[in-house]
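The values are calculated or read from the model by the stated rules, or taken from the named source; none is laboratory data. It should be emphasised that the depicted structure is a prediction, and the values quoted were computed from it without experimental measurement. Cβ placement follows ideal geometry from the backbone for every residue including glycine, while neighbour counts extend to all protein chains displayed. Just so you know, the surface numbers come from the protein's heavy atoms only, side chains and all, with ligands and any DNA or RNA stripped out. Shrake-Rupley method; radii C 1.70, N 1.55, O 1.52, S 1.80 Å.
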Amino acid sequence: MNVERNKRIAAFRKVSGYLIWISMPMLILTGLMGAIALLIFACLPTGNTTLIDVVINMTVINDPMAWLWKAKLDLTSKITCIAIAGIGLYMCTYIIFYFHGLIECFYEGDIFNKVAVNHARKAYKMNLYFAYFFYGCQLMAICTTFYATSSSVGLGINSLVTSVLLFSIELGFLSLMLWALEIGTDLNEEAELTI
């Protein structure tokens, strides 16, 4: 039994080591490249594309990011886009940072402890806030497009509903993983007290 358990722990550490090598570059690239992209976007020349035009084109064009880089936005549109992208970038970096901390705990063998649970909770909560933020922005874009053009927004609503359903499945899975980690930590603490 002990030999089998040691094999599982060794395999767990090995996989965690691989994830550390993936999560650290991901953290650096997300934070650094995202900040550089926002700075470059801020330096693009301004024009006369209004915020309403930006929202409409972002919801109906097949490649909205390419259009956004080419469009000459007015100052209000540019500031709004930078603020929304900056908030999203901060949230993504925060999630990856705490995910990396959780993986480091796993790699060190501290699977069921308060530090690992704390990292998992923080990443979980920010993932939830990011979803609220993202889907809120998407819903506002759909409503703005409908109000400004009085056209059908069925495709946008279908996309939003599909995204929310898929996120609900992800949220259920992440909730189960977090609860399992919390229960394991409680059991580990009880075992230490009885010893």
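Across every direction, the projection of the convex hull enclosing the Cα atoms of the range 87-195 has a mean area of 7.9 nm².
Here the contact order of the chain, divided by its residue count and restricted to Cα pairs under 8 Å and six or more residues apart, works out to 24 percent.
Between helix 75-107 and the chain there is an angle of about 10 degrees, using the helix long axis and the longest principal axis of the Cα atoms.
The ellipsoid equivalent to the alpha-carbon distribution of the range 1-98 has semi-axes of 43, 13, 10 angstrom, derived from the gyration tensor eigenvalues as √(5λ) and listed largest first. Ligands, DNA and RNA left out, the accessible area of the range 80-195 computed with a 1.4 Å probe is 71% carbon and sulfur. Rg and Dmax over the alpha-carbon atoms of the chain stand at 21.7, 71 Å.
Quick one: angle between helix 2-28 and the longest Cα principal axis of the chain, in degrees between 0 and 90, rounded to 10, please. The two axes meet at around 30 degrees. Simple point charges give the picture: +1 on the Cβ of Lys and Arg, -1 on the Cβ of Asp and Glu, and for the range 72-172 a dipole about the Cα centre of about 240 debye.
In the distance distribution for the range 1-49, Cα-Cα pairs more than 12 Å apart total 74 percent.
Solvent exposure of the chain amounts to 66 Å² per residue of accessible area, where only protein heavy atoms count and the probe is 1.4 Å. Each listed q (0.14, 0.17 Å⁻¹) maps to a log10 I(q)/I(0) for the range 111-152 from the Debye sum over equal C-alpha point scatterers, namely -0.50, -0.58. In this Cβ point-charge picture (+1 for Lys and Arg, -1 for Asp and Glu), the chain has a dipole of about 400 debye about its Cα centre. A Förster radius of 25 Å combined with the Cβ-Cβ distance from LEU193 to VAL15 puts the calculated FRET efficiency at roughly 0.25. Take the convex hull of the alpha carbons in the range 41-89; its mean projected area over all directions comes to 3.2 nm². Remark: the range 1-82 carries a charge dipole of roughly 620 debye about the Cα centre, counting +1 on each Lys and Arg Cβ and -1 on each Asp and Glu Cβ. Label sites at VAL3 and ASN57, each approximated as a point 7 angstrom past Cα along Cα to Cβ, lie 6.8 nm apart.
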